[in-house]
Amino acid sequence: MSYADQIFIQNCNDILEHGVWDTDYDVRPVWEDGTPAHTIKRFGIVNRYDLTREFPVITLRRTAFKSAVDELLWIWQKKSNNIHDLNSHIWDSWADANGSIGKAYGYQLGVKHHYKEGEFDQVDRILYDLKHNPLSRRIMSNIYNHHDLSEMNLYPCAYSMTFNVTQKKGDDKLTLNAILNQRSQDILAANNWNVCQYAVLMHMLAQVCDMRVGELVHVIADAHIYDRHIPIIKELIQRPTYDAPTFWLNPDVKDFYEFTRNDVRLDNYVTGPQIQDIPIAI
């Protein structure tokens, strides 16, 4: 069993056994047939992944790793808000006729801000600080911009990364750690997808900044399972599990903006069967 499997199963059981339903209230999300999409949730789930131990991917079913990395690069590297820059179709339901999702996600990371050192967008500022002021306690991103919420087709779910650099005694290299803050998460559709994405981001940033990768702490304010996902989750967490695969990142890439989805790989990734046609609430 991978450590990510262990955490995922624990989270699902916690939600199913101790969660709170919202069936007595009107809710925004709906299924494709227009039926309200209700959830059972737990508030304030915090998971900690030691990336030096293993890569945090579940084996209960296959996480679409390359597609997850592609979306990560779409947001953090391309800083795009247009689905035509994305290889998958996961954002199609929120895009307008031109392919835009509004001033959300990558758009926010690409906005330049003024600092005493000059003009930076959020990603470039993070890279600058990690290389020039790594022990700063101010290295973070935040894409939940209230000024632009009315022009976002979907409010950001994973909205902030806070980076914190440490150094182990006797180690000549610094260690990159991070906290991922998420206001809301669909456990079945998005939990391991997001964990894998931001673990990859940490590996990439650590490599280009000549650091070691450390811990990823994932904070979820509203961790929920949708009503139509309950039987899927119950079957999924009873499946056999396997050892975590080996993560590979192309060691020749030293510039964050040169990474592609082909520069990452999971070797010996053995999983249970994929679940087809998971219904997605919109």
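Note on the range 87-129 and the range 214-282: Cα centroid distance 23 Å, given to the nearest whole angstrom. Largest mean-square fluctuation among E54, E151, E215, in a Gaussian network model of the chain whose springs join Cα atoms under 10 Å apart, belongs to E151.
For a straight C-alpha distance cut-off of 30 angstrom, the lysines reachable from K254 (same-chain residues fewer than eight places away being disregarded) are K66, K78, K79, K103, K112, K116, K131, K168, K169, K173. Rounded to the nearest whole Hz, the Karplus-based 3J(HN,Hα) values (6.51 cos²θ - 1.76 cosθ + 1.60, θ = phi - 60°) of the range 229-237 follow the sequence 9, 4, x, 5, 4, 4, 6, 4, 6, with x at glycine and proline. Projected over all directions and averaged, the alpha-carbon convex hull of the chain occupies 15.9 nm².
Per DSSP helix of 4 or more residues, -39500 (n - 2.57); summed, then divided by the residues of the chain. What does that give at 222 nm, rounded to the nearest 500?
Result for the chain: -8000 deg cm²/dmol, rounded to the nearest 500.
Close amide-amide hydrogen proximity is noted between T175 and T166, Q167, K168, R212, each under 5 Å apart and 5 or more residues distant or on a separate chain (H modeled in the peptide plane; Pro and chain starts excluded). Cα centroids of the range 134-174 and the range 4-23: 26 Å apart. Evaluating 6.51 cos²θ - 1.76 cosθ + 1.60 at θ = phi - 60° for every residue in the range 169-183, the Karplus couplings come out as 4, x, 9, 7, 10, 7, 10, 9, 10, 7, 10, 9, 9, 9, 6 Hz, glycine and proline recorded as x. Between D222 and G44, S184, Q185, the built amide H atoms are under 5 Å apart, and every one of these is 5 or more places off in sequence or on another chain. Taken over the C-alpha atoms, the range 216-282 has Rg and Dmax values of 17.0, 45 angstrom.
Here's how it looks for T59: its modeled amide H is under 5 Å from those of S2, D5, Y242, which are all 5 or more places away or on a different chain. Evaluating 6.51 cos²θ - 1.76 cosθ + 1.60 at θ = phi - 60° for every residue in the range 60-76, the Karplus couplings come out as 4, 8, 7, 7, 6, 4, 5, 5, 5, 5, 4, 5, 4, 5, 4, 7, 8 Hz, glycine and proline recorded as x.
Computed from the coordinates by the stated procedures, all read-outs in this text should not be read as laboratory data. A quick note: this is a predicted structure, and the numbers were derived from the prediction, not measured.
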